[in-house]
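J.: Okay, handing you the structure first.
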Amino acid sequence: MMMLADMLNHRRSVRHYDADKKLDSEKVRACLKLAQLAPSSSNMQLYEFYHITDPTTLKKLGVACLSQSAATTATQMVAFVTRQDLYRERAQTMLDFERGNLRRNSPPEKVPGRLKRWEGYYGKLMPFVYARFFGLLGALRKMIVYGIGLFRPIVMEVSEADMRVVVHKSCGLAAQTFMLAMAEQGYDTCPLEGLDSRMVKRILNLPRGTEVNMIVACGIRKEGKGIWGERFRLPFEDVYREI
């Protein structure tokens, strides 16, 4: 079994896949289940994973991904999609979970106080923080937090653009976890952001409120063609700061 360092060293952005080497779709699905274990802001999990194995759909997505070789030779793909539009539903799901979690795991005398906090957090705060209305709600939230921030520390990034970034970060963490899980299986991946998102949404019939975070091309590298030379990273001293 690979250790984490082995997985990180094995994982490369593979640009050309071997058409004769197929992936086990159930193993890919298992890797997507592991992707759900990635951290998610407030555990809202405002994302969906679209696992594409149909050859016709793969061919269309290859074109939508600008005909990059990683896309046109992939034997499977996964589209990581944000679902900020589901914030009310996901907040209610989390509140329902925490109600049961408290009953199962908290001392009875502490349940009422903790339940009140969760009801305020998922019942009121999360729906307010993730709501969008032409930037106006974000501006209102900014005004509120700047006022509170005069007296105590508070999260300042609450505009509608800020919350969109939060959702995409959580989705990106899931995508990275998926790619590491695939590396553990000996499978290769390449994250793609160079794509026509409108085409992708049409091909996958995505709801209007979705955004494409990235598409991950999947397969097994073609020997001699899959990797574009040596891996390069900046000297560690250029990116590391100890304070």
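J.: Accessible area per residue of the chain at 1.4 Å probe, in Å²? Spell out each step's value before the answer.
T.: Working: 14570 Å² over 243 residues.
Roughly 60 Å² per residue, with all protein chains present.
J.: Could you pull out every residue, at least 5 positions away or on a different chain, whose amide H is within less than 5 Å of the one on Q76? Hs are placed 1.01 Å off N in the peptide plane, and Pro or chain starts have none.
T.: When sequence neighbours closer than 5 places are left aside, the close amide H contacts are C218.
J.: If you don't mind, another one. Pairs to check: K33/K222; K22/K225; K21/K222; K27/K169; K33/K225; K201/K225. Give those whose C-alpha atoms are more than 19 Å from each other in this structure.
T.: Details: K33/K222 27 Å; K22/K225 17 Å; K21/K222 9 Å; K27/K169 25 Å; K33/K225 30 Å; K201/K225 30 Å.
Check vs 19 Å cut-off fails for K33/K222; K27/K169; K33/K225; K201/K225.
J.: Let me check the size of the range 86-161 from its C-alpha atoms; what are the radius of gyration and Dmax in Å?
T.: Just the Cα atoms of the range 86-161 yield Rg and Dmax of 15.0, 44 Å.
J.: How much mean residue ellipticity at 222 nm does the chain get from its helices, if each DSSP H run of length 4 or more adds -39500 (n - 2.57) and you divide by all residues, to the nearest 500 deg cm²/dmol?
T.: On the way: 11 runs with 117 residues, N = 243.
Value at 222 nm, helices only: -14500 deg cm²/dmol.
J.: Further question on the same structure: Where the accessible area of the range 197-236 is counted over protein heavy atoms with a 1.4 Å probe, how much of it, in %, is carbon and sulfur?
T.: Details: 1480 of 2770 Å².
Carbon-and-sulfur percentage of accessible area, whole number: 54.
J.: Assign unit charges at the C-beta atoms only (+1 for Lys and Arg, -1 for Asp and Glu), then state the dipole size of the range 86-161 relative to its Cα centre in Debye, rounded to the nearest 20.
T.: The dipole of the range 86-161 has a size of about 200 debye.
J.: Mind checking the dipole of the chain: about its Cα centre, +1 per Lys or Arg Cβ, -1 per Asp or Glu Cβ, Debye to the nearest 20?
T.: Working: 37 positive and 26 negative charges, 137 e Å.
My answer is approximately 660 debye.
J.: Hey, another quick one. Leaving out ligands, DNA and RNA, and with a 1.4 Å probe, what % of the accessible surface on the range 86-161 is carbon or sulfur?
T.: 65
J.: Among G229, M1, L102, pick out the residue whose Cα is farthest towards the positive end of the charge dipole of the chain, where Lys and Arg carry +1 and Asp and Glu carry -1 on C-beta, about the Cα centre.
T.: L102
J.: Related question: Checking a compactness column here: for the chain, what do you get for Rg(Cα) / (2.2 N^0.38 Å), N being the number of residues?
T.: 1.18
J.: Okay, next question. Report ³J(HN,Hα) in whole Hz for each residue of the range 92-103, in order, from the Karplus equation J = 6.51 cos²θ - 1.76 cosθ + 1.60 where θ = phi - 60°; Gly and Pro get x.
T.: My calculation for the range 92-103 gives 5, 4, 5, 5, 4, 4, 5, 4, x, 4, 5, 5 Hz in order.
J.: Can you list residues from other chains, or at least 5 along the same chain, whose modelled amide H is less than 5 Å from the amide H of Q45?
T.: The list, which skips near neighbours in sequence, is empty: none.
J.: Output wanted: per-residue J couplings in Hz (rounded whole) for the range 227-243, from phi through Karplus 6.51 cos²θ - 1.76 cosθ + 1.60, θ = phi - 60°, x for Gly and Pro.
T.: 10, 8, x, 6, 7, 10, 9, 4, x, 3, 5, 6, 10, 9, 10, 9, 10
The values are calculated or read from the model by the stated rules, or taken from the named source; none is laboratory data. Keep in mind it's a predicted model, so treat the numbers as computed, not measured. Glycine gets a Cβ as well: all are built from the backbone with ideal geometry, and neighbour counts include every protein chain shown. Note: areas computed on protein heavy atoms with side chains; ligands, DNA, RNA excluded. Shrake-Rupley method; radii C 1.70, N 1.55, O 1.52, S 1.80 Å.
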